[in-house]
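The values are calculated or read from the model by the stated rules, or taken from the named source; none is laboratory data. This is a predicted model, so every value here is computed, not measured. Positions of Cβ are backbone-derived with ideal geometry, glycine not excepted, and every protein chain shown enters the neighbour counts. SASA here: full protein model, heavy atoms, side chains in, ligands and nucleic acids out. Shrake-Rupley method; radii C 1.70, N 1.55, O 1.52, S 1.80 Å.
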Amino acid sequence: MTKPSILDYTREELSREIKPAFRAKQIYNWVYTKYVDDFDGMVNLPKTMREDLADRFTLCPLKLLTKQVSIDGSIKYLFELHDGHTVEVVLLLMRDAQYHEDGVLKHHPRFTICISSQVGCKVGCAFCLTAKGGFMRDLTPGEIVAQVLAIKKDNAIPSNHRVNLVYMGMGEPLDNFDNVVKSSQVFSELDGLAISPHRQTISTSGLSAKILKLGQRDLGVNLAISLHAVDNDLREQLMPINKAYNIESIIEAVKQFPVNARKRVMFEYLVIKDVNDGLDAAKKLIKLLSGIKAKVNLIYFNPYGGTEFQRPDEKDMIAFQEYLTQRGLLCTIRESKGLDISAACGQLREQNQ
Ligand code: SAH
Ligand code: SF4
């Protein structure tokens with residue numbers, strides 16, 4: 001049996017594990033705001049307690065294997081887990097730091113961290129490289145939390161500097177429901193990373209039953225649906241999960257999901273040349289999303305060796321976007337961040353193997 005990680009525990013759970021309970025707050029502080037490397041560094045804890053902690057828990061369950069820096073400043077990481085499996089995490093630089101003329105910082109850089117929830121994925125989408133390697137295992141809450149901690153540490157991002165999180169790396173988050181929910185709770189702890197649920201987005205291939213269950217938990221997180229197709233035939237070919245949960249069932253589940261007054265549900269639409277890039281699809285999309293507080297994010301398919309699918313033409317992307325926005329549906333085109341380091345999920349891991 002491997003030891004649990006201290007990162008597996010919410011603040012409340014930790015205060016039940018460690019007595020006296022106020023020590024949990026101190027430990028949370030050391031781990032998440034001072035980025036301490038080992039229990040011995042927690043110098044305001046009694047030595048015996050530090051030894052006891054080291055006996056019972058591990059601290060960071062990840063080892064950095066490689067990283068690649070993109071020309072746009074995004075960084076893609078590959079981490080090794082205790083059993084030798086590897087996961088990818090991407091730090092996306094959404095906006096560079098901005099300075100006044102005298103060199104004084106005007107705006108901090110803005111980061112989004114794209115985290116993984118499983119090693120591999122069971123869903124098996126036809127276009128996805130993560131799916132090609134099959135499914136290995138779920139990540140523990142601590143292994144999910146550690147991704148953010150390791151990246152903040154590696155980039156010396158100050159603890160009080162806000163970051164956004166997207167569960168859009170490897171794996172299907174709702175297929176690892178309990179651990180993903182737990183990680184989200186740990187992320188939002190005020191004595192810890194303090195990443196508000198409104199800054200967290202869970203992306204799913206559309207497990208309708210789990211979308212309903214997540215909605216009932218009312219965590220306050222944002223929801224993103226990987227739609228990619230507007231009719232069930234095509235969606236089944238691209239995403240076999242559509243046989244179990246079709247488009248209509250997803251729309252129904254989304255309608256019941258609690259959405260913050262200032263937010264919208266994001267529908268991701270991966271655009272593949274000559275597959276789903278026509279305006280007939282855009283037209284159906286308008287109809288499908290009517291009555292939902294939605295925004296659409298068009299994503300360029302990012303090709304890799306061995307795939308039959310192709311990147312769409314820019315003019316078709318723009319025509320698709322204009323069709324939607326002219327009819328009142330919010331739509332953005334995802335900048336291809338980190339394209340030179342193949343930032344679509346599964347691609348760095350593949351190279352490494
Ligand atoms: N399993 C979840 C979250 C991880 S996938 C989901 O599917 O939503 C995150 C996103 O990466 C998905 O929207 C997926 O469509 C996209 N993606 C997968 N392969 C890609 C590729 N080759 N190019 C661009 N995006 C890709
Ligand atoms: Fe899994 Fe998402 Fe890839 Fe589909 S796109 S195989 S759900 S990780």
**Exposure of R137 as accessible area (Å², to 10), given a probe of 1.4 Å and all protein chains** = 50 Å²
**Message:** From the P(r) of segment 34-161, could you give the percentage of C-alpha pairs in the tail past 19 Å?
**Reply:** 61 percent
**Fill in**
Asserting the computed 222 nm helical MRE of the chain (DSSP H runs at least 4 long, -39500 (n - 2.57) per run, divided by residue count, to nearest 500) equals -9000 deg cm²/dmol
**Prompt:** Helix 47-56 versus the longest principal axis of the chain: what angle, 0 to 90°, nearest 10, using Cα atoms?
**Reply:** 40 degrees
**With every protein chain in place, the chain: carbon and sulfur % of accessible area (1.4 Å)** = 50 percent
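For segment 90-238, state the average projected area of the convex hull of the C-alpha atoms over all orientations, rounded to one decimal in nm².
10.5 nm²
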**Prompt:** So how far, in whole Å, is the C-alpha centre of segment 89-163 from the one of segment 197-266?
**Reply:** 21 Å
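Taking the Cα centre of the chain as origin, sum charge times position over the Cβ atoms of Lys and Arg (+1) and Asp and Glu (-1), and report the length of that vector in debye to the nearest 20.
My answer is approximately 920 debye.
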**Asked** Where Rh denotes the Kirkwood radius from the mean inverse Cα pair distance, what is Rg over Rh for segment 104-171?
**Response** 1.10
**Asked** What does the charge dipole of segment 40-170 about its Cα centre add up to, to the nearest 20 debye, if the Cβ of each Lys and Arg holds +1 and the Cβ of each Asp and Glu holds -1?
**Response** 260 debye
**Asked** Got a sec? What order do M266, M42, M94 fall in by accessible area at 1.4 Å, biggest, i.e. largest, first?
**Response** M94, M266, M42
**Message:** Taking 41 Å as R0, compute the FRET efficiency from the Cβ-Cβ separation of D83 and K243 and round it to 0.05.
**Reply:** 0.80
**Asked** In angstroms, what radius of gyration and Dmax does segment 44-90 have, counting Cα atoms only?
**Response** 16.0, 48
**Item:** Neighbourhood net charge (12 Å Cβ-Cβ; Lys/Arg +1, Asp/Glu -1) for G291
**Value:** +2
**Quotient of Cα Rg and 2.2 N^0.38 Å for the chain, N being how many residues it contains** = 1.02
**Message:** Helix 314-326 against the longest principal axis of the chain: what's the angle in degrees, Cα atoms only, rounded to the nearest 10?
**Reply:** 90 degrees
**Message:** If the only charges are +1 at each Lys and Arg Cβ and -1 at each Asp and Glu Cβ, what is the size of the charge dipole of segment 227-297 around the Cα centre, to the nearest 20 debye?
**Reply:** 520 debye
**Complete:** Going residue by residue through segment 260-265, the Karplus relation 6.51 cos²θ - 1.76 cosθ + 1.60 with θ = phi - 60° gives ³J(HN,Hα) values, rounded to whole Hz and with x marking Gly or Pro, of 4, 3, 9, 10, 9, 7
**Asked** So what's the angle, to the nearest 10 degrees on a 0 to 90 scale, between helix 279-288 and the longest Cα principal axis of the chain?
**Response** 60 degrees
**Item:** Accessible area of S74 in the full protein assembly, 1.4 Å probe (Å², nearest 10)
**Value:** 0 Å²
**Prompt:** In terms of Cα to Cα distance under 25 Å, which lysines are near enough to K255, apart from those fewer than 8 places away along the same chain?
**Reply:** K182, K210, K213, K243, K263, K283, K284, K287, K293, K295
**Asked** How much solvent-accessible surface does C60 expose, in Å² to the nearest 10, with a 1.4 Å probe and all protein chains in place?
**Response** 60 Å²
**Request:** Find the centroid of the Cα atoms in segment 1-80 and in segment 302-326, then give the distance between the two in whole Å.
**Result:** 42 Å
**Kirkwood Rh (inverse of mean 1/r, distinct Cα pairs), segment 189-271, angstrom** = 13.5 Å
**Message:** Please compute the per residue accessible area over the chain with all protein chains in place, 1.4 Å probe, rounded to a whole number of Å².
**Reply:** 46 Å²
**Descending semi-axes in Å of segment 6-56, equivalent ellipsoid built from Cα gyration tensor** = 15, 13, 10
**Request:** Pick out, from I247, Q185, V31, the residue whose Cα sits farthest towards the positive end of the charge dipole of the chain, with +1 on the Cβ of Lys and Arg and -1 on the Cβ of Asp and Glu.
**Result:** Q185
